[in-house]
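A short write-up of the structure that comes next.
The values are calculated or read from the model by the stated rules, or taken from the named source; none is laboratory data. Quantities reported herein were computed from a predicted structural model and do not represent experimental measurements. Neighbour counts run over all protein chains shown; Cβ positions are idealised from the backbone, glycine included.
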Amino acid sequence: MNNIKVFVLMAGLTALFMAVGSVFGGQNGAVMALVIAGVMNAVMFYGSSSMVLRMYRAKVVTEAEAPEIYGMVDRLRQRAGLPMPVVAVAPHEQPNAFATGRSPEHAVVCVTAGLIRTIARHELEGVIAHELAHIKNRDMLLQTVTATFAGAIGFLAHFGWLLGGSRDRGGHPAAALLVMIVAPIAAMLIQFAISRQREFKADAVGAEICGQPLALAGALRKLDAAARRIPMQVAPAAAPLAQVNPLAAHGGGMMRLFSTHPPTDDRVARLEAMARGR
């Protein structure tokens, strides 16, 4: 089902990308936007994981380099019935984690150095199980595509406005300004809606994989509290991939309104209800 969602989303955002190009460049602008979108689709499908790892400055590790974390991922992925993903560590003090890749056979699980150092072993298992749930649910490609297109549409609109866009072609400047504002927001809203729903589902599936809903709930509390104290330097487009909002230290006002993650209290409440029902 997620493969269908990826196709529909890529088609829809490509159309939106073309519409923005058309406003600023007419027919030629629409054709150019289509070409750019096609290249972006191919690049994102085959190179999403390496691009995300670079955004987080993460390094792939072997079993010899990180035996404990590698072994934990291996045990949990066997419980989940998944192939062994690539394991990576990002050099951030903020405890966090994410999964990326285009399929379970080409997946990456990445944890931060701060995560390994600051939470208990059973909680770390819960965090990793959550990321394996994203792999099992095939969430990673969907989220990466939305993040990339949201950023690209905003860039195209801004670039077109700076160049004068439709004003040089007899268009109405107000229309160009409207597209510059509305198009990025439209793409972002799609991204946010997908992020919120996928996190609830990954929490539930992750709790089943590790067998300890309360361990994941405890980890989420700690990760959320740490994210508000410890800043992380990461591109906003990559932030929705993380288990908790890595930019929470800068949050407030509009940042909360457009949060890509559900409130941690809501996630914890669902996991606690799940534990009571076991």
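Listed by position, the strands (runs of 3 or more DSSP E) contained in region 35-123 that have at least 1 residues being modelled with pLDDT under 95, crowded, with 23+ Cβ neighbours inside 10 Å and not hydroxyl-bearing (S, T, Y) are 97-101, 107-112.
Matching residues to (1) over 16 Å from D139 (Cβ atoms); (2) touching a helix residue (DSSP H, G or I) at 6+ places or on another chain (Cβ under 9 Å); (3) surrounded by 18 or more Cβ atoms within 10 Å (Cβ to Cβ); (4) modelled with pLDDT of 80 or more:
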| residue | (1), (2), (3), (4) |
| --- | --- |
| G165 | yes, yes, yes, no |
| V179 | yes, yes, yes, no |
| M188 | yes, yes, yes, no |
| Q191 | no, yes, yes, no |
| S195 | no, yes, yes, no |
| P236 | yes, yes, no, no |
| A249 | yes, yes, no, no |
| M254 | yes, no, no, no |
